[in-house]
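This report refers to the structure that appears directly beneath it.
The values are calculated or read from the model by the stated rules, or taken from the named source; none is laboratory data. Keep in mind that what you see is a predicted model, and the values were worked out from it rather than measured. No Cβ is skipped: glycine too gets one built from the backbone with ideal geometry, and neighbour counts run over all protein chains shown.
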Amino acid sequence: MEIAFISVLLAVVIALLVTEKVPVDVTAIGIMAVLAVSGILSPEEAVAGFANPAPITVGALFILSAGLMRTGATDYMTERITDLAAGNPKRFLMILLIATGALSAVMNNTPVVVMFISIALAVANKSDFAPSRHMMPLSFISILAGTCTLIGTSTNIIVSDLGAEAGLKSISMFELAPLGVPIAVIGGLFLYLFAFRILPAHRPAVLSEARKDKGKYISELVIPPGSPFVGADPAQELSKKYPNVEVHEVITGYRVCDPNTDQCLLDEGDLILATGPAEDLARILSDGGAVLPTSGDTVMPSPYDEEHLMVELIVAPNSRFAGNLLMRTGLAFDTEINIVGVTRRGMQYRGKRLDNFRLRMGDIILAQMPPDHIEVMREGGDVIVVEDTVHHIVKRHKAPLAVAIFAGMILAASVGGVNILVAALVGAFLMVFTGCLSPRSAYAAVDAQVLILIIGTIALGKALTDTGAASLYARTIVGLLAGMGPRFVLAAFIIFTSVVSHFISNNSAAVLLVPIGISTAHAMGVDPRPFLMGICFGASACFASPIGYQTNLLVYGPGKYSFGDFVRLGMPVNALVWAASSIFIPYIWPL
């Protein structure tokens with residue numbers, strides 16, 4: 001009965017994590033509550049994840065990464081990237097892959113990607129090339145590089161600590177490097193050679209140069225009843241009558257259409273995002289071809305009003321806006337900010353549909369606001385301003401100290417024999433104690449939702465082990481693959497881990513599969529360590545979906561991708577990780 005109960009609970013949890021009908025941290029708290037009330041775990045066991053080294057280490061690493069970002073320790077490199085790109089998109093891609101990969105190997109990759117999104121968009125706008133061919137490779141290389149070290153991704157830390165709890169040796173700082181580095185290098189080479197062939201060339205919706213080029217302005221225009229453009233192709237008809245106006249996208253209902261690559265025919269109520277000279281935009285309005293949209297009941301300022309700029313704001317990780325209703329955020333309360341709409345995974349929401357819209361990380365808010373408000377948005381940390389080039393630097397003079405603290409942490413954990421938890425905690429303390437990061441910024445840097453999710457799934461993982469469910473699943477796996485040998489079982493387990501991580505977070509997948517992997521190894525009478533390594537690589541191999549990994553979700557909107565774009569570029573990268581890890585793990589970590 002206990003195994004049946006925990007199996008049903010596992011199915012419900014996976015369904016909730018996939019659909020996100022309930023916030024993931026609420027789901028995690030629900031797991032602990034159900035396990036405690038049902039008696040499967042004692043109250044102490046249900047909340048034991050709060051004392052587990054994994055979430056504490058991950059939280060400390062969030063603070064260390066924030067210290068590097070807030071002191072501008074990575075700023076010098078970003079400025080050099082902008083200079084070295086020199087308007088060449090392929091050269092910029094190579095620089096982006098190398099820089100992102102190097103940083104992601106020793107930092108939590110989510111803040112690295114957040115930083116480079118802004119840089120990639122700014123360089124693309126200045127050099128007039130499509131950033132969509134850089135956004136996805138940026139995310140993918142950060143994931144690949146994250147498997148090179150223990151601290152490259154929180155998943156590795158979780159697997160290491162859960163393995164240690166089961167009596168196995170912890171993963172050392174560079175133990176994953178013999179396989180992780182070659183995979184990252186080969187994966188980066190693939191991205192460099194094929195990203196431009198596979199990915200579409202989508203232009204950014206908001207141009208940073210619009211602020212500097214006084215001759216052109218960005219505007220949103222609505223097609224009214226009786227417009228001469230009803231039934232017309234915007235890329236042809238508008239450019240024919242107004243040759244200086246460029247249409248970037250058409251929003252029809254919930255669908256976002258790129259007129260340069262998709263078949264778009266205008267209809268009443270469609271919204272056009274376009275740039276053009278003030279006189280041409282004024283002519284479109286005066287000719288009756290389009291009207292200005294409204295935000296609530298207030299008519300928006302003129303599209304060529306220099307006192308109100310149109311910008312895109314990406315909801316950042318750790319944002320206070322995530323999980324809140326849009327109309328209850330500071331954006332909605334500010335009378336000088338007009339919220340035009342929100343884009344989520346290619347779906348557009350505006351007007352009355354925004355009243356009950358609950359924001360998530362990665363959502364893109366299109367808003368019109370005065371220039372001074374944009375500076376406030378940059379510094380607040382709740383959103384990424386798309387046209388921002390470099391994040392606001394708070395304490396540049398502290399950058400050398402922040403680098404020294406971070407390097408000391410890595411050195412102590414790798415060659416000094418210090419436990420990674422101790423090294424990370426000391427490093428986080430020193431970041432705050434030395435003034436590299438204020439206590440308030442340190443708290444803000446910790447993604448509580450991620451930590452609660454890890455803690456909740458740790459409780460579920462313990463329940464799987466204690467009830468015997470993990471052993472039952474392991475025997476079932478071995479039985480289904482009977483006669484195939486441990487190498488084949490390991491390969492199948494790696495692929496299964498990867499598939500699961502495409503639909504729930506890779507951290508959750510790792511926590512749930514570690515006890516099953518260890519039980520599977522014991523059932524075959526082999527060393528469970530290769531299975532732990534397989535989980536590390538398999539859980540991070542979620543390239544074919546935008547929802548399995550935070551960084552994929554972050555680039556989904558700015559790159560204006562479809563789900564199919566991730567499949568086309570992501571599946572070959574998945575296949576690389578599956579093949580390399582399945583073949584070489586048994587040689588590096590013998591079964």
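Across region 432-449, what is the total count of residues that are part of a helix (DSSP H, G or I) and within 20 Å of residue 54 (Cα to Cα)? Counting residues in region 432-449 that are part of a helix (DSSP H, G or I) and within 20 Å of residue 54 (Cα to Cα) gives 6.
In region 501-535, the residue that is surrounded by the fewest Cβ atoms within 10 Å (Cβ to Cβ) out of those that are at pLDDT 90 or above and part of a loop (DSSP other than H, G, I, E, B) is 527.
Would you confirm whether or not region 444-463 contains a residue that is of a type outside the set (Gly, Ala, Ser), without any contact (Cβ under 8 Å) to a residue 60 or more places away in the chain and either more than 28 Å from residue 69 (Cβ to Cβ) or surrounded by fewer than 21 Cβ atoms within 10 Å (Cβ to Cβ) (or both)? No, there is no match, as no residue in region 444-463 is of a type outside the set (Gly, Ala, Ser), without any contact (Cβ under 8 Å) to a residue 60 or more places away in the chain and either more than 28 Å from residue 69 (Cβ to Cβ) or surrounded by fewer than 21 Cβ atoms within 10 Å (Cβ to Cβ) (or both). For region 446-457, the condition of being closer than 20 Å to residue 526 by Cβ and either touching a helix residue (DSSP H, G or I) at 6+ places or on another chain (Cβ under 9 Å) or aliphatic (A, V, I, L, M) (or both) holds for none of the residues.
Residues checked against (1) small (Gly, Ala, Ser); (2) more than 30 Å from residue 380 (Cα to Cα):
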| residue | (1), (2) |
| --- | --- |
| 441 | yes, no |
| 446 | no, no |
| 450 | no, no |
| 454 | no, no |
| 469 | yes, yes |
| 506 | no, no |
| 511 | no, yes |
| 523 | yes, yes |
| 532 | no, yes |
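The requirement of being in contact with a Leu (Cβ under 9 Å, 6 or more places away or on another chain) and among the aliphatic types (A, V, I, L, M) is satisfied by residue 459.
Filtering region 51-88 to residues that are modelled with pLDDT of 80 or more, more than 23 Å from the chain's Cα centre (by Cα) and in a helix (DSSP H, G or I) leaves 51, 53. In the set (1) without any contact (Cβ under 8 Å) to a residue 60 or more places away in the chain; (2) assigned to a loop (DSSP other than H, G, I, E, B); (3) within 30 Å of residue 314 (Cα to Cα), the condition left unmet by residue 484 is number (3).
Checked against (1) closer than 29 Å to residue 199 by Cα; (2) surrounded by fewer than 24 Cβ atoms within 10 Å (Cβ to Cβ), residue 538 meets all criteria but (2).
Here residue 558 meets each of (1) surrounded by fewer than 24 Cβ atoms within 10 Å (Cβ to Cβ); (2) over 14 Å from residue 160 (Cα atoms) with one exception, condition (1). Looking across region 143-201 at every residue that is in contact with a helix residue (DSSP H, G or I) (Cβ under 6 Å, 6 or more places away or on another chain) and polar (S, T, N, Q), the one that is nearest to residue 552 (Cα to Cα) is identified as 153.
Considering (1) farther than 19 Å from residue 450 by Cβ; (2) modelled with pLDDT of 75 or more, the lone condition that residue 142 does not fulfil carries the number (1). Reported count of residues in region 1-28, each being under 23 Å from the mean Cα position of the chain (by Cα) and either more than 18 Å from residue 502 (Cβ to Cβ) or of a type outside the set (Asp, Glu) (or both), is 15. So which residues in region 456-474 are β-branched (Val, Ile, Thr) and more than 18 Å from residue 39 (Cα to Cα)? Listed by number, the list is empty, since nothing qualifies. Any idea how many residues of region 39-68 are touching a Pro at 6+ places or on another chain (Cβ under 9 Å) and surrounded by fewer than 21 Cβ atoms within 10 Å (Cβ to Cβ)? Going through region 39-68 one residue at a time, the tally reaches 0. The C-beta contact set for region 314-332 (first residue closer than 13 Å to residue 358 by Cα, second residue of a type in the set (Lys, Arg), distance under 8 angstrom, 6+ apart or interchain) comprises 315/360; 322/360; 323/358; 323/360; 324/358; 325/358; 326/358; 329/320.
When you check residue 183 against the structure, is it crowded, with 21+ Cβ neighbours inside 10 Å and at pLDDT below 85, yes or no? Criteria not met by residue 183. Of all the numbered requirements in (1) modelled with pLDDT under 80; (2) in contact with a Gly (Cβ under 6 Å, 6 or more places away or on another chain), residue 483 misses one, and that requirement is (2). Inside region 5-25, residues that are among the small types (Gly, Ala, Ser) and more than 16 Å from residue 516 (Cα to Cα) make up a count of 1.
For region 104-125, name all the residues that are out of contact with any strand residue (DSSP E or B) (no Cβ under 8 Å at 6 or more places or on another chain), within 25 Å of residue 148 (Cβ to Cβ) and modelled with pLDDT under 85.
The first filter runs over region 104-125 and keeps only residues out of contact with any strand residue (DSSP E or B) (no Cβ under 8 Å at 6 or more places or on another chain), leaving 104-113, 115-116, 119-125.
Those left that are additionally within 25 Å of residue 148 (Cβ to Cβ): 104-113, 115-116, 119-120.
106, 107, 108, 109, 110, 111, 112, 113, 115, 116, 119, 120, listed by residue number.
Given the criterion under 20 Å from residue 233 (Cα atoms), modelled with pLDDT of 70 or more and not β-branched (Val, Ile, Thr), identify the matching residue among 316, 367, 274, 332. Step through it out loud before you land on a result.
On the way: 316 fails: under 20 Å from residue 233 (Cα atoms); 367 fails: under 20 Å from residue 233 (Cα atoms); 332 fails: under 20 Å from residue 233 (Cα atoms).
Within the list 316, 367, 274, 332, the selection yields 274.
Residues in region 258-271 that are within 24 Å of residue 368 (Cα to Cα) and modelled with pLDDT under 80: 258, 259. Filter region 166-180 for residues that are assigned to a helix (DSSP H, G or I) and touching a residue at least 40 places away in the same chain (Cβ under 8 Å); which is nearest to residue 134 (Cα to Cα)? Taking the candidates together, the pick is 180. Of the residues making up region 549-591, just one is part of a loop (DSSP other than H, G, I, E, B) and in contact with a Gly (Cβ under 7 Å, 6 or more places away or on another chain), namely 562.
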